[in-house]
Amino acid sequence: MKHKRMEAPEWVFSWRQPGGSWFPKMIAILVTSGVFAVLLSFVRIQVAAPVPWAAPKAAVIQVLDDAEGRTLTLRAREGGPFPSRFDPSGWEWAVATEREAHEKARWRPEPYVPILRKLPDVDAAATPPLAARGVPVLPIRRPAKDAAPANRAKSVLAPALYPLSGMPVEWLPEKLPAFDQVVDSMMAAEPWRFLLRLDTAGRVLDCVSLSGGDEAGRSALDDWLRHVSFQPDSAKPPAWIAVGVGFSNQAADESDAR
C-alpha cells in the first residue's frame, strides 16, 4: 500500500501523506461537503405510488322469459367471450355428409308407423243431454239456513310461564293461580324475566326481577309468582331457576301454565 500511494498519479488526492499540511485536507473536506449538500438540497427522487389492484367483482343481470329477455340473452351469447353451443344438426355440410354416407351404404330408415289404439265405447245413456232453450243449466242455489252464532267464551289477558334456564318444561304447574291485577298494554308488551329460588316442594322462596318495567307491574307479578307451585324432581331439587312471564288471551275461568 505504501508503494501504491507513492506511485499514485497527481489527480489522486493523498489523504494520509506524512508531514503534509492540514490546509489541503480541509479544502477537500469542504468541497466534498458542499457537493454533498448541493446534491441533498436539489436532487429529488420521486417514488411512484403503487397501482392498487382491482377488486375481484362481477355483475349478474337476471332477465325474464319475454321478448326483451330473449333478445338480451341472444346478444349476450353472440357478443360474449364464450361462443354459443354448436349444434351439428344445423350445419348443412354435416347434413349433406350424413345423407351421402347413407346413400353409399344403401341404408334406408324404416318408416315410422304409429300404432293406433281403439277408442273406448261411449255409453249413450251416460251422455248428458243438451240444454233446452229457456231452461237454466246451473242448479238452483238454495239459500243457506241461518246458523246460530257460536257462544264465545269471554277471554282476558292472563300470565303464562315459560322456562329460561335451570328447569325443563315438565316442572311447570298444570294450573296457575288467578291474576287479580288489570293487565294493560304496557304490561303485556314488557318481556318479564324473573329469577326464582325454590324449596324441595317447589314453592317460591325468593323472586328477583331481571327486566325493567314499572314498579306496579313488577310488584304484582312478584306477588303472583310467590303463589305458584312448581313440580321439581325430588331427587335433584333446584336452588335457582329463571322463568319468563308472557300474557295471552285465555278463558276467564281458567289459566294455562303453558
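The values are calculated or read from the model by the stated rules, or taken from the named source; none is laboratory data. All of these numbers come straight from a predicted model, not from anything done at the bench. Neighbour counts run over all protein chains shown; Cβ positions are idealised from the backbone, glycine included. All accessible areas refer to the heavy atoms of the entire protein, side chains included, with ligands and DNA or RNA removed. Shrake-Rupley method; radii C 1.70, N 1.55, O 1.52, S 1.80 Å.
So how exposed is Arg77, as accessible area in Å² (1.4 Å probe, rounded to 10)?
Its heavy atoms expose roughly 150 Å² to the probe.
Report the gain in length on full extension from Ala188 to Ala132: 0.36 nm times residue separation, minus Cα-Cα distance, nm rounded to one decimal. Spell out each step's value before the answer.
Details: separation 56, 0.36 × 56 = 20.16 nm, distance 6.55 nm.
The Ala188-Ala132 span can extend by a further 13.6 nm.
Compare Thr97, Thr200, Thr32 by solvent-accessible area with a 1.4 Å probe and give them largest first, with all protein chains kept in place.
Working: Thr97 55, Thr200 110, Thr32 85 Å².
The ranking, largest first, comes out as Thr200, Thr32, Thr97.
Say R0 is 35 Å: what FRET efficiency, to the nearest 0.05, do Asp233 and Leu210 get from their beta-carbon distance? Please report the intermediate quantities before stating the final value.
Details: r = 24 Å, r/R0 = 0.68.
In this case the efficiency is close to 0.90.
May I ask you to rank Ile29, Ile140, Ile241 by accessible area, largest first, using a 1.4 Å probe over the protein chains only?
Numbers: Ile29 75, Ile140 145, Ile241 0 Å².
Largest to smallest exposure gives the sequence Ile140, Ile29, Ile241.
Could you state how much accessible area Trp171 has, in square angstrom rounded to the nearest 10, with a 1.4 Å probe and all protein chains kept in place?
Looks like 40 Å² after rounding.
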